[in-house]
Amino acid sequence: MTPPPDSALLDTPVKDLTITKSTDPANPKAKKSGGNCGCSTNESAKPALDQKMMDRISKHPCYSEEAHHHYARMHVAVAPACNIQCNYCNRKYDCANESRPGVVSELLTPEEAAHKVLVIAGKIPQMTVLGIAGPGDPLANPDKTFRTFELIADKAPDIKLCLSTNGLMLPNHVDRIKALNVDHVTITINMVDPEIGTKIYPWVRYNRKRYTGLEAARILHERQMEGLQALKEADILCKVNSVMIPGINDEHLAEVDQVIRQNGAFLHNIMPLISAPEHGTHFGLTGQRGPTSKELKALQDKCADSNMKMMRHCRQCRADAVGLLGEDRSQEFTKDKFMEMEPEYNATVRQVVHSTIEQRRIEQQAIKAQVKKAPAVETPKILLAVATKGGGLVNQHFGHAKEFTIYEVDGSEARFVTHRKIDQYCQGGYGEEATLEGVIKTIADCKAVLVSKIGDCPQKELEMAGIQSVEAYDVIEKVAREYYDQYLQTLQGG
Ligand code: CLF
Ligand code: SF4
């Protein structure tokens, strides 16, 4: 029998909010965050999506921020070759256009990939999207990529197909992408000015010829624009990824945002350059730095001022990623393991699980609507760090968190801002002092941490740093609202 889905996603929330060791919420030790956390995303100013569009993205964890709390994706690494050279890649690792640099995925044949998908579709029925994102460029390996899609479409038609490409060969394949019902395509576009492109791409290989310098960057740019236009004409949803490279394209990406928006992109995902010297990339070896989180957020906020949706929940996954965006279950499904497993794909069971999740989402949306307010006066903005293992809930122990989800809250609403990775505090039953210091540093600008449980020791240390601990198990926005109201009362009470 197919096992039930990860219980974390379908847990029933209990109504309980405990602010442990209530300190003065206006603790002067805490960094001032009101008004300076810089989130200028104004969702209410954006045009609402129509129902058809909502249906297209509602189970895609990358295209819908809300969906990423509930639904998982998986990647299969079937595409080893690449046709361009990016200065942040050295081909020893997964394609850095869609993946975290420094990660090597296990290469599969299309048949092995299809087997893996059918295994995981049974074990993780909330997995709704299959993406091909490397380890090279999927469209530099069209036979393997499309063969994999064909096998999945035939055997598991409820799984959405997704691919990510550098765009060089995209115009040649849009018809086939459309015919295979691939509804989501990502292009990595780092420039719309080939002069800037020369600092990012030393060469491209196109029509069996190798181009360098300005000519290479111009070809790539023209092909990317052609591909974007063709996707629009074919009514395929396009997300654009851009790697932010300080001093090279950071000031240029606002223009990229404008251009891709005018050309029909649905979503823009600006990712930080990761250029560790040990990865051996050109940028890593020449000391090119990546952006700080503050610089990244400032650029995302600037671009989000337009009508364009800005993706902020990207986790720069692996080319063989499995699970919710914030979790990495790829090691549970290495080739030696999944080839021993029987495919448990069952469309009916999956449908039941999805219906349960959808019911839960409706209930949560009602709760979120209840706690949303229209404040009569301007209220301070604060940041909160949330420990969650999915389902839209505060439902994770402080010591088990490997990342915090950051929300910005004011008198009106709680808005998702970003994720921040941390080292897990609790290791084998006890916590490390040095790890805790790092965790506190990471969330130093937050007023409180919302967790299902926290031990006395970390709670005291957080309190000394001006961060309150809130124990709760409920919808994130509701817990955030309740904390905020108490915070405001304390502020107003002097
Ligand atoms: Fe994969 Fe990419 Fe499709 Fe998502 S990932 S191919 S659109 S299914 Fe998502 Fe991962 Fe970020 Fe990519 S979090 S790296 S944006
Ligand atoms: Fe590397 Fe991807 Fe760039 Fe190819 S497109 S060079 S695999 S980062």
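Here the condition is being assigned to a helix (DSSP H, G or I), open to solvent by 40 Å² or more (accessible area, probe 1.4 Å) and either closer than 15 Å to HIS68 by Cβ or not hydroxyl-bearing (Ser, Thr, Tyr) (or both); of LYS368, LYS389, it holds for LYS368 alone. Screening the stretch 167-178 for residues that are out of contact with any Phe, Trp or Tyr (no Cβ under 9 Å at 6 or more places or on another chain) and within 15 Å of ligand 2 (Cβ to nearest atom) and picking the one that is farthest from ALA216 (Cα to Cα) gives LEU170. Looking at ALA121, ALA140, ALA114, ALA133, just one residue is among the small types (Gly, Ala, Ser) and within 13 Å of ligand 1 (Cβ to nearest atom), and that residue is ALA133. Looking at LYS302, is it out of contact with any Leu (no Cβ under 8 Å at 6 or more places or on another chain) and among the basic types (Lys, Arg)? Yes, satisfied. With respect to the conditions (1) within 16 Å of ligand 2 (Cβ to nearest atom); (2) closer than 22 Å to SER64 by Cα, ALA140 falls short on a single one, namely (2). Only one of the listed residues (LYS441, LYS460) is over 23 Å from GLN370 (Cβ atoms) and touching a residue at least 24 places away in the same chain (Cβ under 8 Å). That residue is LYS460. For the stretch 143-164, taking the residues that are hydroxyl-bearing (Ser, Thr, Tyr) and within 16 Å of ligand 2 (Cβ to nearest atom), the one that is farthest from GLY323 (Cα to Cα) is identified as THR145.
To keep it simple, each residue is scored yes or no on (1) under 28 Å from THR388 (Cβ atoms); (2) crowded, with 16+ Cβ neighbours inside 10 Å; (3) within 16 Å of ligand 1 (Cβ to nearest atom); (4) not polar (S, T, N, Q).
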{"residue": "ASN263", "(1), (2), (3), (4)": "no, yes, no, no"}
{"residue": "PRO272", "(1), (2), (3), (4)": "yes, yes, yes, yes"}
{"residue": "THR292", "(1), (2), (3), (4)": "yes, no, no, no"}
{"residue": "LEU299", "(1), (2), (3), (4)": "yes, yes, no, yes"}
{"residue": "HIS313", "(1), (2), (3), (4)": "yes, yes, yes, yes"}
{"residue": "ASP328", "(1), (2), (3), (4)": "yes, yes, yes, yes"}
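Checking the stated criteria, GLU226 turns out not to satisfy the condition of being at pLDDT 95 or above, more than 16 Å from ligand 2 (Cβ to nearest atom), under 22 Å from LEU296 (Cα atoms) and surrounded by fewer than 24 Cβ atoms within 10 Å (Cβ to Cβ).
The values are calculated or read from the model by the stated rules, or taken from the named source; none is laboratory data. It should be emphasised that the depicted structure is a prediction, and the values quoted were computed from it without experimental measurement. Cβ: placed from backbone, ideal geometry, glycine included. Neighbour counts: every protein chain shown. Keep in mind that these areas ignore ligands, DNA and RNA; they rest on the heavy atoms of the full protein, side chains included. Shrake-Rupley method; radii C 1.70, N 1.55, O 1.52, S 1.80 Å.
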